[in-house]
Amino acid sequence: MDSDDYDDENDSFVQDDTTQQVWSAEKLVQASYKELASPAVVEERFYRHLMGDPSCVQSMRNLLAENSTTTRDYSVTIDAFDLLDNDPILGQMLLRFPATLLPLLENAIVRGQKALLQEYPQDSVDIEALSIKGLKQGPSVTRVHARLVHLPPSCCQTTWSAASVGKILQVSGTVVRTRPVQMYESARAYTCSNCKRPFIVHADLEERHNALPTPTSCPHQCKGKCKFQIVPEGSVHTDYQEIKLQESASDEKLPRSLLVKLHHDLVDTCQPGDEVVIVGSLLAQWQSVFPDEECSVGLALSAHSVRVIAETSALQSTDHFRGEFETYWRNNHGIKARDFICQAVCPKLYGMKMIKLGLLLTIIGGASSDATEENVTQRRAGEDDEGPIPFQVMTNQTRDEPVTNYYDGQRKARQPRAPQQVQTRRRHQSHLLLVGDPGTGKSQFLRFAAALSPRSVLTTGVGTTSAGLTCAAVRDGDGKEYSLEAGALVLADKGVCCIDEFGCIRDQDRTTIHEAMEQQTLSVAKAGIVCKLNCRATIIAVMNPRDCLYDDHVSLSVNTGLGTPLLSRFDLIFKLIDSSDADRDYNVTTYLLNQSIQNDNFEMNTTEGEESPSSSTPWNMEKLRAYISIVKDRFQPSISDEAALLLERHYEKCRSYNGNTTIPVTVRFLESLIRLSQAHARLMFRSVVILEDAVAVLEVMECTAFACGGFDGSDHDGSYCDPMTIDFCDDPDSDFICHQYRTLNRYNMLNYMDEETKKRAGALLSQTALGVPKSWNDVENPSPLFEHNAFEPTMTQDHYGRFHFDRSQSKRPRM
Ligand SMILES: Nc1ncnc2c1ncn2[C@@H]1O[C@H](COP(=O)(O)OP(=O)(O)OP(=O)(O)O)[C@@H](O)[C@H]1O
């Protein structure tokens, strides 16, 4: 609290040395800060809290040890929960009167540093490197800031309203717009011509540009007519940035947005697309006034702390599931256990096991190669050889001139920056494309994927432009400056971006997502703003073929109208062809009718937040979401030698194929195989990719456009399998063994299969192909009948009159 706040009022304070104060709840709500204690006593109480809290002590020690030769701002994080626990009255009063009490807390931090410095042995070598940070300089400015975090639930708002003005709030949402970093004059010193005493005027944050009010009377209440003179070098300038926060989207209503004011070292801590938790004071914000127009007022939040969160929000709610999943994998094994999890994906759609599995693998993603997951910060072009500077600093200086330190008038030279490390990032997010006939359930998959991910953006390609997908440069309210507003891909950073009607996006707009899909960044050069934005999103796109129905006789490229560079960026491309199949039609009909008959029970089992009534009921959405969050957080699988060998041989085979390829087999394809194998290992709750995972991924790949490694299945060699025909079966383990046998046989890797399993696979294949029951004990060597390409495909006609190869016949026999 600045002395001028109290000069004339200290006498009226309740002067009690009140560490043993007991206040009723009523008094706590009604009391003004003046009833708490004198500023000195309040500061003392903050000081005692700081010195008694080990984490605060550590933060202060870190401050002391920070090697800084320039004047800048420092932050110390204060956990509001700990303060409330330690001194409830002080904590409550801090939350009610942050503007008055926070400066006292900051003074206490400086005092705490002084006390800690005394503890170091004076002859220590390190002592010279330690210096107290945030000492008052210039006109009463402390450059250390208390950053309040973890407010109690009463202060945590999911939305905001006029009723909360003046209160301290904790809000969360997505940053949708950031304005350039600026600075403003936050305080100015004057002297009264009458009494000759100095005083300070602070900027009014409720004014549109944080304008400094002109003093009209002397705060020292001197008699006579006063004139005020500005004290030379008595101004304080503060870094400043405005961002727009959008509340988390909900299905019921449109998300609202809020202007957030960042000061000091909080500027430039977040960028469009970041999900943040912000603690701040809600202000009434006067809008710019124009002649003959009504003066309007809005809401703004002056931030005390900003925390960028990743996927923590999803993990918080998963704790009670952890033990349950471990028990699940202790009691269940193999592919059957995996398929049970897959059944929870889109339970309203019958069958399509491979698409469901592919969707799960896409959302789970591969292991992160760089665990630190560095942020790409907004940078100006050509900034690499200098320290970071704000976008548009309101000063006449050029960039090469040293910047004046407005606090003490000394010159602050820009620090040379260490040569920047070039970071190349290999993506671990997969992308999925569903292309197919109308009414095949594509949109259902898309909506389910959006609901499954803790962070998702669902959009449609109709009318979508590149600005909507990436980011737009928009003029601010006063129309003078541009700022960046995040588009769908940026908002989906670290989440899932679901795009319906992908084919309706214009070609030139579609190419903008090439960089986003592979490099996971967006390079922006708009309206004088040149920067890079993060967009580490998984893209799930669905579309109809160009002529509405998929033509199996032309390539995927022709069917979709997408260029090969874009197609090759998808890890999985499923073709959903609605061909006639009496058995499948019967199964779908029965499934749908049964659902309608048992509608109530079915709904009950799949409603979010409810426990599965029995172990045979598919997991509900909440449980599946929790499972994905846990496996992503817990496992970063490495690849075993056998799995690596299989992936390598498959890649080599695809590379060496000399047919007509429309999707070139590049290293990207190998990376996809690795990512998907890692995702499969995570799905199987393990931290090593074993041979089984690689085999399972090749099985999924057989059902995609990459079945034969790049020639999209139209020019097939019999290894393509229609994903629409593969349903969940009673004995998935046996089915998988057969597939494993065939795959390993194809790549001369049968020696990696144990004898027992080999015999069993041979027997199973014989039984299925010949229809003759045969004991697997009798089978020494598998029949050559079951080798690759043993079946010639036949032609069938679907109900649209299209002819195509019957892949369900040509493919390996299914159980
Ligand atoms: N295998 C299936 N099992 C049960 N229902 C299905 C299946 N396939 C499609 N449906 C149902 O058909 C309806 C149409 O599905 P959906 O709207 O997702 O199709 P779409 O592929 O997105 O079509 P379009 O390309 O015309 O947008 C949905 O109600 C869906 O539940």
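The values are calculated or read from the model by the stated rules, or taken from the named source; none is laboratory data. Note that this is a predicted model, so its numbers are computed, not measured. Cβ placement follows ideal geometry from the backbone for every residue including glycine, while neighbour counts extend to all protein chains displayed.
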Original post:
Which of the residues spanning the stretch 260-279 are assigned to a strand (DSSP E or B) and among the acidic types (Asp, Glu)?
Top reply: Glu275
**OP:** Consider Cys548 carefully, then state whether it is within 16 Å of the ligand (Cβ to nearest atom) and within 29 Å of Ala451 (Cα to Cα).
**Re:** yes
Original post:
Is at least one residue of the stretch 615-625 under 30 Å from Arg426 (Cβ atoms), at pLDDT 80 or above and away from the ligand (no atom under 16 Å from the Cβ)?
Top reply: yes
Original post:
Of all residues in the stretch 435-458 being in contact with a Phe, Trp or Tyr (Cβ under 9 Å, 6 or more places away or on another chain) and in a strand (DSSP E or B), which is farthest from the ligand (Cβ to nearest atom)?
Top reply: Val435
**OP:** Give just the number: which of (1) in contact with a Ser or Thr (Cβ under 8 Å, 6 or more places away or on another chain); (2) within 16 Å of the ligand (Cβ to nearest atom); (3) farther than 26 Å from Val558 by Cβ does Ala488 not satisfy?
**Re:** (2)
Original post:
Can you name the condition, by its number, that Gly138 falls short on among (1) at pLDDT 80 or above; (2) of a type in the set (Gly, Ala, Ser); (3) touching an Asp or Glu at 6+ places or on another chain (Cβ under 9 Å)?
Top reply: (1)
Original post:
For the stretch 501-510, what are the residues that are part of a helix (DSSP H, G or I) and acidic (Asp, Glu)?
Top reply: Asp507, Asp509
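Modelled with pLDDT under 85, over 18 Å from the mean Cα position of the chain (by Cα) and in a loop (DSSP other than H, G, I, E, B), is that true of Cys346? Steps first, please.
Values: modelled with pLDDT under 85: no; over 18 Å from the mean Cα position of the chain (by Cα): yes; in a loop (DSSP other than H, G, I, E, B): yes.
Against the criterion (modelled with pLDDT under 85, over 18 Å from the mean Cα position of the chain (by Cα) and in a loop (DSSP other than H, G, I, E, B)), Cys346 does not qualify.
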Subject >> Residue among Arg506, Arg475 that alone is surrounded by fewer than 16 Cβ atoms within 10 Å (Cβ to Cβ), away from the ligand (no atom under 16 Å from the Cβ), farther than 30 Å from Ala300 by Cα and over 23 Å from the mean Cα position of the chain (by Cα) >> reply: Arg506
Subject >> Matching residues, the stretch 459-469, being surrounded by fewer than 19 Cβ atoms within 10 Å (Cβ to Cβ) and within 13 Å of the ligand (Cβ to nearest atom) >> reply: Thr460, Val462
Original post:
Gln444 is checked against (1) more than 23 Å from Asp507 (Cβ to Cβ); (2) crowded, with 19+ Cβ neighbours inside 10 Å; (3) more than 19 Å from the chain's Cα centre (by Cα) and fails just one. What number does that condition carry?
Top reply: (2)
Original post:
Val524 passes all but one of (1) touching a residue at least 60 places away in the same chain (Cβ under 8 Å); (2) away from the ligand (no atom under 16 Å from the Cβ); which number fails?
Top reply: (1)
Subject >> Qualifying residue in the stretch 182-194 (condition: touching a Cys at 6+ places or on another chain (Cβ under 7 Å), surrounded by 16 or more Cβ atoms within 10 Å (Cβ to Cβ) and touching a residue at least 12 places away in the same chain (Cβ under 8 Å)) >> reply: yes
